[in-house]
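Asks: What follows is a structure written as structure tokens; I'll ask about it next.
The values are calculated or read from the model by the stated rules, or taken from the named source; none is laboratory data. It should be emphasised that the depicted structure is a prediction, and the values quoted were computed from it without experimental measurement. A quick note on method: Cβ atoms are made from the backbone with ideal geometry, for glycine too, and the neighbour counts reach across all protein chains shown.
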Amino acid sequence: MSNPPGYAPRDVFESMLEWMVIPTFDLVLVYGGQGVIIVRRKIAPYKDVWALPGLRMYKGESIDDTLQRIAKAEVGLEIDTSEKVLLGQFVGKFKTEHHRQDLSTGYIVQVPDNQPILINENHFYSYELATEIPDNMGAMYKYYLGEYFKKKP
């Protein structure tokens, strides 16, 4: 099976983790006004804690392409990024994966609740709709939810 454009094979990605900062994006998906979609991660970094849907950017993608791919791949949702709201950036430094360092950019995107949430079972155990910051959540995601709840009308 060939890799999609911009997708590094695992051995190449391992080398990148050793030497480079990885650009990632995280989504505060507000699901029909009911709450923010949070997911319990199966994989590092932030294994076994609550997180937001997020992945790295692939070479050749625009920001909107990346956000739409993340929403579809991680929680099965089609999103409209035309009214996305920038929350900020966070530098995540991890003890796992070659002391990985991510430069994450967070966005708020409103999602109508007429689509079912279908989590990526390779990445997540479960999901919830959060109306506050839960215990046992990764620092990066606490930061983004804190910023979201400050801005929320």
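Asks: In this structure, does LYS152 turn out to be over 23 Å from PRO23 (Cβ atoms) and modelled with pLDDT under 95?
Replies: yes
Asks: Inside the range 69-88, can you point out the residues that are touching a helix residue (DSSP H, G or I) at 6+ places or on another chain (Cβ under 7 Å) and either at pLDDT below 95 or of a type outside the set (Asp, Glu) (or both)?
Replies: LEU77, ILE79, THR81, LYS84, LEU87, GLY88
Asks: Of all residues in the range 126-145, count the ones that are under 12 Å from the mean Cα position of the chain (by Cα) and of a type in the set (Ser, Thr, Tyr).
Replies: Residues meeting the conditions: 2.
Asks: Are there any pairs with C-beta distances below 8 angstrom linking a residue in the range 55-76 that is more than 18 Å from LEU29 (Cβ to Cβ) to a residue that is of a type in the set (Lys, Arg) and surrounded by fewer than 19 Cβ atoms within 10 Å (Cβ to Cβ), with the two at least 6 apart or on different chains, and if so which?
Replies: TYR58/ARG69; GLU61/ARG69
Asks: Are there any pairs with C-beta distances below 6 angstrom linking a residue in the range 35-47 that is touching a residue at least 60 places away in the same chain (Cβ under 8 Å) to a residue that is in a loop (DSSP other than H, G, I, E, B) and among the basic types (Lys, Arg), with the two at least 6 apart or on different chains, and if so which?
Replies: Pairs that qualify, where the first residue is touching a residue at least 60 places away in the same chain (Cβ under 8 Å) and the partner is in a loop (DSSP other than H, G, I, E, B) and among the basic types (Lys, Arg), are ARG41/LYS47.
Asks: Among (1) under 23 Å from GLU128 (Cα atoms); (2) surrounded by 15 or more Cβ atoms within 10 Å (Cβ to Cβ); (3) not polar (S, T, N, Q), there is one condition LYS47 misses while meeting the rest; what is its number?
Replies: Only one criterion in (1) under 23 Å from GLU128 (Cα atoms); (2) surrounded by 15 or more Cβ atoms within 10 Å (Cβ to Cβ); (3) not polar (S, T, N, Q) is unmet by LYS47, namely (2).
Yes/no matrix, rows are residues, columns are (1) surrounded by 19 or more Cβ atoms within 10 Å (Cβ to Cβ); (2) aromatic (Phe, Trp, Tyr); (3) within 12 Å of the chain's Cα centre (by Cα):
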{"position": "VAL30", "(1), (2), (3)": "yes, no, no"}
{"position": "GLN34", "(1), (2), (3)": "no, no, no"}
{"position": "VAL39", "(1), (2), (3)": "yes, no, yes"}
{"position": "LYS42", "(1), (2), (3)": "no, no, no"}
{"position": "LYS59", "(1), (2), (3)": "no, no, no"}
{"position": "SER62", "(1), (2), (3)": "no, no, no"}
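Asks: Could you count how many residues in the range 31-68 are at pLDDT 95 or above, over 14 Å from TYR127 (Cβ atoms) and among the aliphatic types (A, V, I, L, M)?
Replies: Number satisfying all stated conditions: 2.
Asks: So which residues in the range 112-146 are of a type in the set (Asp, Glu), surrounded by 11 or more Cβ atoms within 10 Å (Cβ to Cβ) and modelled with pLDDT of 95 or more, if there are any at all?
Replies: Result: GLU128, single match.
Asks: While we're here: Suppose we keep only residues that are among the hydroxyl-bearing types (Ser, Thr, Tyr) and touching a Phe, Trp or Tyr at 6+ places or on another chain (Cβ under 8 Å) within the range 118-153. Which one would you say is nearest to LEU55 (Cα to Cα)?
Replies: Among those residues, the one meeting the criterion is TYR141.
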